[in-house]
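> One structure coming up, written as structure tokens, with questions to follow.
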Amino acid sequence: MSDATPPGTVPALPENPKRSKTPWIVGIAIVAIVAVIGVVFAAVNAGNAGSAGAAGKTVTVRIGTTEQAAPYWPILKKKAAEEGIDIQVVGFRDYTQANPALADGQLDLNLFQHLQFLANYNVQSKQNLVPIASTLVVPLPLYSKKYTSVGAIPQGSQIAIPNDPTNQARALLVLQKAGLLKLKDGGNTLATPADIVASESKVSVIPVDAAQTAPALDSAAAAIVNNNFALTAGLDPKSALFQDDPKSATAEPYINAFVARDKDKANTTYLKVAELYHTKAVQDAVLADSKNTAVIVQKPQADLIGILHSLEKTIEAAK
């Protein structure tokens, strides 16, 4: 910013010292007022430096995801750009990396996980990441390349399931609901293969990395495959043999969300990104990408954090 007077130039003094002092008093007052206004504007601009679109400033938001190729990202990025927000999508190959990256400050948000997964991460890693806005619930389906129905799966078959604790437990509950196995005391969101009652179960399970569940279909009788990995592998959701109900009350632990560090849960720019996610153009792309299997969820942030804390308490009690 430049001054009105060029550098090195001294303003001319009045030629007639007997001239009235009134204009100079007024001039000094005006200069003082202009200086004060300048200070005020500088303070306001400094205060808005982190806000999207403040004084034409673009704010960068780094979002980690395992679904970086999803077609809704370009739409969301464009809408955010119109609001002065530059979304940078940071892709991860598996579920284990995006939370540590967020906790360490390498990301501003992440979008890839449900509340149960987040609760488990927080407890195990002693972190306090929080959901700032819900997105959707997707069913967890059972696929097979060898059989066309659950009933056709033979006794003693092996089913591949994700090996991360939260998706593993959900997969076991899906297989129990499908009538393929029995869990001790009916199981819960913390169930493990050790809870399978072998004598009352038709199948056994092979825990593998979630990204490997779809490839496991070449060798296993069937596999529980998360929706994003299923779509990447070209699996048609309509061909799933069975899946859980994303609209049921028991689906709350599996609500997906934008996640931030606790100190950023009220960040207006991050909340704006989440708001833009729920615009029609983005939602249409999200639903199309899920082959219309996803169910959009809009829950208040306080409710999401309440569900998260309840899940964390359950996990802590089971330790």
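The values are calculated or read from the model by the stated rules, or taken from the named source; none is laboratory data. Note that the structure is predicted; figures quoted are calculated from it, not measured. Glycine gets a Cβ as well: all are built from the backbone with ideal geometry, and neighbour counts include every protein chain shown. Ligands, DNA and RNA are stripped out before the accessible areas are found, and what is left, the full protein with its side chains, is counted by its heavy atoms. Shrake-Rupley method; radii C 1.70, N 1.55, O 1.52, S 1.80 Å.
> Carbon and sulfur atoms: what percent of the 1.4 Å accessible area of region 204-319 do they account for?
52 percent
> Please compute, over every Cα-Cα pair in region 228-267, the percentage with a separation greater than 11 angstrom.
The answer is 76 percent, as a whole percent.
> Continuing with the same structure: Quick check for you: with a 1.4 Å probe and neighbouring chains kept, what is the accessible area per residue of region 236-285, in Å²?
49 Å²
> Now for a separate question. Taking 20 Å as the cut-off for C-alpha to C-alpha distance, list the pairs among LYS247/LYS319; LYS79/LYS291; LYS126/LYS265; LYS184/LYS247 that go past it.
Result: LYS247/LYS319; LYS79/LYS291; LYS184/LYS247 exceed 20 Å.
> So what's the gap between the Cα centers of region 180-225 and region 105-128, to the nearest angstrom?
Centre-to-centre distance over Cα atoms comes out at 24 Å.
> Note down the net charge around LEU115, summing +1 for each Lys or Arg and -1 for each Asp or Glu among other residues with Cβ under 12 Å from its Cβ.
-1
> Oh, and also: What span do the alpha-carbon atoms of region 103-210 cover on each of the three principal axes, reported in whole Å from largest to smallest?
So the three principal-axis extents are 48, 27, 21 Å.
> Calculate the dipole size of region 67-166 relative to its Cα centre from +1 charges on Lys and Arg beta carbons and -1 charges on Asp and Glu beta carbons; express the result in debye to the nearest 20.
Rounded to the nearest 20 debye, it is 400 debye.
> Can you compute the FRET efficiency between ASP284 and ALA233 using 1/(1 + (r/R0)^6), with r the Cβ-Cβ distance and R0 = 30 Å? Round to the nearest 0.05.
It comes to 0.80.
> Would you please classify the overall shape of region 201-245 from the alpha carbon gyration tensor, given that a ≥ b ≥ c denote the square roots of the eigenvalues, rounded means a/c under 1.5, and beyond that prolate means a/b larger than b/c while oblate covers the rest?
Oblate, since a/c reaches 1.5 and b/c is not below a/b.
> If packing is taken as the mean number of other Cβ atoms within 10 Å per residue, what is the order of 211-224, 237-250, highest first?
Highest mean packing first, the order is 211-224, 237-250.
> Another question, then. Run the numbers for GLU275 and GLN88: contour at 0.36 nm per residue of separation, minus the present Cα-Cα distance, in nm.
65.6 nm
> Right, here's the next one. Give the accessible area for VAL208 in Å² (nearest 10); use a 1.4 Å probe, count only protein heavy atoms, and leave out ligands, DNA and RNA.
Rounded to the nearest 10, the figure is 30 Å².
> If you wrap region 208-307's Cα atoms in a convex hull and average its projection over all directions, what's the area in nm²?
Computing the convex hull of the Cα atoms and averaging its projections yields 8.0 nm².
> What does the extension gain come out to for GLN106 and THR148, with contour length at 0.36 nm per residue minus their alpha carbon separation?
Gain on extension, GLN106 to THR148, equals 10.7 nm.
> Quick one: P(r) of region 146-189 from all Cα-Cα pairs, 5 Å bins, percents rounded to integers, in order of increasing distance.
Bins of 5 Å from zero give 5, 21, 29, 25, 15, 6, 0 percent of pairs.
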